[in-house]
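Asks: A single structure is presented below for examination.
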Amino acid sequence: MKRLTQVIILALFFTAATVFAGAPVRNGLVLYFPTVAARVRDASNSKNNATANSLVVSNSPSLVSMQQTHQLSYCAWINPASIPSEFPVLLSKGGNSQPGAYGGYEFTLNANGDHDLLFQSGLLQAHAETQIINTNLGQWVHVAFTIDLDAQTMQFYVNGEPVNATIDQGTFADVNFDLPNNLYVAERDPAANGNRSNFDGQMREVMLFNRALSADEIQTIFTKTTPKRGKKR
């Protein structure tokens, strides 16, 4: 039994190492999903198989480690089929809605107006000055965001290029990454405002860091993870 336990532990270690080794940037990486979709087989043999297009990750120290570093970066390839509601969720850890606690971090699309990328943590909300996503449904788009609380800087990126960020409300001092909620990928946090919805579409190469990536690192991730047409990653 001891020998079997050691083998299982080693297998899990090498599996995790292999997954993280596939990321083009690894320093500060706390979460990496090369793909979000997963097929679930119907064990009744009736062939009622299913596809899961969202993920729920239990809270862990690494997912709130941004509270110590005061930095965060997020990036992903998305291919939205539609904008089903006001704010489809790309990634959410914290609902920022009463009576729940304010904090964590949320990345959403925006069906309203021409600012189609949003970041929120606590009372701070910011948007990207772009409308490329809402006007390119059914197309792969790479989105990224970095924030450094000490330097009081933030930056959105679309397809590897920087996009201006505008603060709608709050200040950098209002950000609170230390919220014990689970993390949701392509799915709304149950504690979130009712105007959030699940993401409708495909998502790949989801990465979360506890540091602010440089523009060159974002460009590297964009270049080295571009989805290949006609092939599933």
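A short reminder: the numbers here are calculations on the coordinates, not readings from a lab. Model, not experiment: these values are computed from the prediction. Heads up, the Cβs are rebuilt from the backbone with ideal geometry, glycines too, and the neighbour counts pull from every protein chain shown.
Asks: Using modelled backbone amide H atoms (1.01 Å from N, in-plane), which distant-in-sequence or interchain residues come within less than 5 Å of G122's amide H?
Replies: Amide H neighbours of G122, under 5 Å, 5+ apart: G103, G104, N176.
Asks: Calculate one ³J(HN,Hα) per residue across the range 133-146 by plugging θ = phi - 60° into the Karplus curve 6.51 cos²θ - 1.76 cosθ + 1.60, and present them in order as whole Hz with x for glycine and proline.
Replies: Calculated HN-Hα couplings, in order: 6, 4, 9, 9, 4, x, 10, 6, 9, 9, 10, 8, 8, 10 Hz.
Asks: What relative contact order, as a whole-number percentage, does the range 137-227 give when Cα pairs under 8 Å and 6 or more residues apart are counted?
Replies: 28
Asks: Another question, then. Among G170, N182, N159, whose Cα lies farthest out toward the positive end of the dipole of the range 138-188, if unit charges sit on the beta carbon of Lys, Arg (+1) and Asp, Glu (-1)?
Replies: With unit charges placed on the Cβ atoms, the residue in question is N159.
Asks: When S73, S60, S65 are ordered from fewest to most other Cβ atoms inside 10 Å of their Cβ, what list results?
Replies: Ranked by crowding around the Cβ, least crowded first: S60, S65, S73.
Asks: With the crude spin-label approximation of a point 7 Å out along Cα→Cβ, what separation in nm comes out for E129 versus N49?
Replies: 4.7
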